[in-house]
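Let me begin by presenting the structure, written as structure tokens, before commenting on it.
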Amino acid sequence: MARWDQILSLPVQSPPTLEFSSAELVWSKVEGWRDNIDRVALIPFARVDDFVRGESANKECPTRFHVEARRRRPAESTYKPKVDGILEYILYWCSFGPDDHRKGGVVRPSRTTYVPKKKPSGRPNTKRGCTCHFIVKRLIAEPSVALIIYNQDKHVDKKGLPCHGPQDKKSAGTRAMYAPYISEDLRLRVLSLLYVGVSVETIMQRHNESVEKQGGPCNRDDLLTHRYVRRQERSIRRSTYELDTDDAVSINMWVESHQNQVFFYENFSDSDPFVLGIQTEWQLQQLIRFGNHGLLASDSKFGTNKLKYPIRSLVVFNSDNKAIPVAWIITPRFASGDTLRWMRALYNRVHMKDPTWKLAGFIVDDPSADILAIREVFQCSVLICFWRVRHAWHKNLIKKCSELETCAVIAKRLGQAVQRICKGDGTADLFEEFMEEFVDAADFLDYFKAIWYPRLGEFLLFSKTVSVGTNRIVIAIRLKYTSETGLWTSALRSLPLASQEMCSSMEYYHNQLKLRLLNEKEKCVYQRADWLVDKLGTTVHSYFWLDEYSGKDDFARYWKDEWMSGLTAWQKSLQIPDSDVLIEGDYSKVVDQEDRHKVHVVWNPASEYALCDCNWAKMGNLCEHILKSIKCLRDKGSNTPSVSMFQYMQALVDMLHCPPHDSLIRDHALSLAVWVQTQLNAQLGPGSGQSKRQALQLTTAKPDVVTASNRTHTLVNVENDLTELQHPSSATCNLSGGKIDRVATQNGTRTDIGSAVEHPSVEMQTSPVSISACASQLFSLDGITSANVFDENGDVMIDEELDTTNNIPSADALLQI
């Protein structure tokens, strides 16, 4: 086989790790130049930087590779396609070579201008004649693939002896024992601290203290110098966002100089608007880490009233369910056709790093979002988050109604209308009844009719006064909406509702971004896009990076208001003891955790649209007092499950109502039910009022049609969890009308099953990631039969003693049915 035929027949390797080295690749030997044998491998060209970083992080010999030579064919040049044609040639060399500045070392003729310093520090420790290098070629035949030729993979000099690292005894006590530069993590830490205003002296003082605690330097990061930090501080101080007086030109210059932070860019054209997608390397790592089998949420249209272009943030949730921004999209409009392009680019960038990466669900907060594009790109379920609407309602309700008790009644009615629509037994007529009932609250009704009723209702009702002779007659005209109206009602009917924990995290992130971005003294900068991208990529990114930094408490005394990195309202509610909550009829009293002499009153504590008299809730936000009151009532069994938990249990019931035309479907449904039962028994405490020995009974009655009203009535009377599933009559294998299509097959949406991935965290405080990342195995009915779980009548009896933790069915496996 010819050389290039042999090379092009090699498999393209892409290890599923953020960085990888030569030890993780399978190398092939092919005939090279001058009858030499080359060690070659093919990787995606987009992952060359990952290979360079992984090879530099060699524990046996830490180093850094630099570009020693590069040749690139101009993009505008014409060329003849050849099998051995090269688009780009890059020579990477170990930074301890190729020159040797040690005594008696060889320096290339082109580098003879080097003048040895009086002190033996610096260059002699960084240039020691290392011969380790590799070549990267981008081929014309396969532009997306990089050919790596790695013949010299040992860190030795021309004599074959180790020249740096722990294996070189002569480098002991010098910097040649470590890598020539600090790590990327320390560089980001220094830059982030400088961007948020921490002084150079403080950074060095904390760093030196940490080195002393560990007994001295043990790696290159421990040798951080005051000079380096000062140089970074000077560079930040002298930088400017205004690269050109023309905003559009300045943006183009920024994009050209920050290619590694841009995953999508389109300038203005006759048909398409300006779109810029920003994602740093750290954000990409967080998306891969927390987004895999997890949730990705969209905070859309931030800064619509203040900024030149609004921002759409994509966030993931860490182990504490706090939101981390993983991408920012800046564009004057968020049209459906534009969404697919940048979303596909983001997905391809993630899959280039980890081909096995897969989302469990996508949360939107705007009903006009391109749901079809999300499902097409990410192949996952889509959920709707109602926090933005609730925030606007409560904020304006407090502003336009002086009495809190009246506000509480109005909020309760609005919440009941939304809940009925989400459960499928309500229409937009509920909002018409609401407006007829609360005519006295004229200011709020005027706001509601003008802003929200067109987005919620299905018909438009307005009046016009006409003159007929000497009389004036008011004519009411009712027009049907166009396709752009009533979006919220349609979304609430068709998409599962996100949990309160997710709403709390999204609300907290929104306030964080507002505090960290919109804090400029000169408001005129808000109308420049170059300021926006510069602020997001530097200061704002630094704040969120420091939120995840474990040593941020060492700089607590230097925190500013923008460094708001506390707990979300949901997390704060979990820290309030039950003894600090007193339920009295239609309101509850919660003791303030900071001032024990202060008590907050919560109206409608059983509703998700409750009102509290604390300052945070008066601004329209979800506070910990409301969430704690709801949790206490549900723990006591005096409150119905939330809408998200209702939809979750409804999805499970609809799965059990599947007609058993295939035993595999029944196996999957039974597997998920058994697994959920085990998870509930493990999560519920002794004070939940439920017995730990509850059985799931599945009878083999003939299929019968169950109407939506009967199923809704059954689910409303569920005791917090899966008691409804444990009732014999409700778990029969019945065909549940048309609802089962909504669960798994409606246009490929699989929406309600996606809620089964996210919603358990609502009531049980279970991480959605842990639920969605379960093993993709099927709980076989053979295992159930061998466990003797069939009773005398042939019914299936599964109790908590049956161990199902080792065969948890995955949501992905269920969705493939």
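The values are calculated or read from the model by the stated rules, or taken from the named source; none is laboratory data. Predicted model, so just to flag it, every value in this text is computed and none were measured. Backbone-built Cβ (ideal geometry, glycine too); neighbour counts: all protein chains shown.
So that you can scan it fast, the table gives a plain yes or no per residue for (1) modelled with pLDDT under 90; (2) outside any loop (DSSP other than H, G, I, E, B); (3) on the phi < 0 side of the Ramachandran plot:
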{"residue": "Asp5", "(1), (2), (3)": "yes, yes, yes"}
{"residue": "Asp50", "(1), (2), (3)": "no, yes, yes"}
{"residue": "Arg53", "(1), (2), (3)": "no, yes, yes"}
{"residue": "Lys80", "(1), (2), (3)": "yes, no, yes"}
{"residue": "Arg102", "(1), (2), (3)": "yes, no, yes"}
Practice task
Sort out which residues of region 499-554 are among the hydroxyl-bearing types (Ser, Thr, Tyr) and closer than 21 Å to Leu284 by Cα, and write them in order of number.
Solution key: Ser505, Tyr509, Thr538, Thr539, Ser542, Tyr543, Tyr549, Ser550
Problem - region 368-385 residues that are more than 22 Å from Arg333 (Cβ to Cβ), paired with ones that are of a type in the set (Gly, Ala, Ser) and modelled with pLDDT under 90 (beta carbon under 8 Å, 6 or more apart) - result: Cys380/Gly754; Ser381/Gly754; Ser381/Ser755; Leu383/Gly754; Leu383/Ser755
Handout entry: Those helices (runs of 4 or more DSSP H) lying entirely in region 346-433 with at least 2 residues within 27 Å of the chain's Cα centre (by Cα) and not assigned by TED's automatic domain parsing to the domain that holds Gln261
Key = 387-400, 404-423
Problem - Breaking point among (1) buried (at least 18 other Cβ atoms within 10 Å of the Cβ); (2) touching a strand residue (DSSP E or B) at 6+ places or on another chain (Cβ under 6 Å); (3) of a type outside the set (A, V, I, L, M), for Glu266 - result: (1)
Fill in the blank from the handout: Scanning region 222-239 for residues that are of a type outside the set (A, V, I, L, M) and under 33 Å from the mean Cα position of the chain (by Cα) gives Asp222, Gln232, Glu233, Ser235, Arg237, Ser239
Exercise for the section: Tell me, yes or no, whether region 191-206 has at least one residue that is assigned to a loop (DSSP other than H, G, I, E, B) and within 22 Å of Val106 (Cβ to Cβ). Expected result: no
Exercise for the section: Look at Ala172 and say whether it is assigned by TED's automatic domain parsing to the domain that holds Lys127, modelled with pLDDT under 90 and of a type outside the set (Val, Ile, Thr). Expected result: yes
Problem - Set Leu91, Leu10: member being more than 21 Å from Arg349 (Cβ to Cβ), assigned to a loop (DSSP other than H, G, I, E, B) and modelled with pLDDT of 90 or more - result: Leu10
Completion exercise
Only unsatisfied item for Leu186, checking (1) under 28 Å from Glu60 (Cα atoms); (2) within 31 Å of the chain's Cα centre (by Cα); (3) touching a residue at least 40 places away in the same chain (Cβ under 8 Å), is (3)
Handout entry: Any chance Val115 is modelled with pLDDT under 90 and among the aliphatic types (A, V, I, L, M)
Key = yes
Handout entry: Residues of region 586-633 satisfying the condition of being among the basic types (Lys, Arg) and under 19 Å from Lys400 (Cα atoms)
Key = Lys618
Completion exercise
Here the qualifying pairs (Cβ atoms under 7 Å; residues six or more apart or on different chains; first in region 232-257 and among the aliphatic types (A, V, I, L, M); second surrounded by fewer than 16 Cβ atoms within 10 Å (Cβ to Cβ)) come out as Leu243/Met253; Met253/Asp244
Problem - Looking only at region 1-30, and only at residues there that are of a type in the set (D, E, K, R) and surrounded by 12 or more Cβ atoms within 10 Å (Cβ to Cβ), the one that is nearest to the chain's Cα centre (by Cα) - result: Glu19
